[in-house]
Amino acid sequence: MENRRGPEGTRRIQAIGKLRKALTALAYASLVFDICIAVVTSVGALRIGDLQVLLIPVNYALTVIVILSAVVFVTLLVEKVA
């Protein structure tokens, strides 16, 4: 069904849907890594195991999450201006 705004409006609605799905996936990934941070913090506080073994992959994953968040933030700013 064609949008009242024409093909441009339809593309924009589809882009918003894709962006919403990306934000949802990013939110779930961020939540998972927040839990990982809590586990690493608990391991460090309780001195249960080797903190470095846990910390390195979590740090890399968090770096990826932060970069993706920045990309989504810039995309939202561009969409708002356009």
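Look at (1) within 16 Å of the chain's Cα centre (by Cα); (2) hydroxyl-bearing (Ser, Thr, Tyr); (3) open to solvent by 80 Å² or more (accessible area, probe 1.4 Å) and you find that Thr41 fails only one, number (1).
Residue-wise test of (1) open to solvent by 90 Å² or more (accessible area, probe 1.4 Å); (2) free of Cβ contacts under 8 Å to residues at least 24 places away in the same chain; (3) of a type in the set (Ser, Thr, Tyr).
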position: Lys21; (1), (2), (3): yes, yes, no
position: Thr24; (1), (2), (3): no, yes, yes
position: Phe33; (1), (2), (3): no, no, no
position: Ile48; (1), (2), (3): yes, yes, no
position: Val71; (1), (2), (3): no, yes, no
position: Glu79; (1), (2), (3): no, no, no
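Inclusion of Ala61 among residues that are open to solvent by less than 80 Å² (accessible area, probe 1.4 Å), under 19 Å from the mean Cα position of the chain (by Cα) and either at positive phi or at pLDDT 85 or above (or both) is warranted.
The values are calculated or read from the model by the stated rules, or taken from the named source; none is laboratory data. Since we're looking at a predicted model, the values are computed, not measured. Please note: Cβ atoms are built from the backbone with ideal geometry, for glycine as well, and neighbour counts cover all protein chains shown. Calculation scope for accessible area: heavy atoms of the full protein, side chains included, ligands and nucleic acids excluded. Shrake-Rupley method; radii C 1.70, N 1.55, O 1.52, S 1.80 Å.
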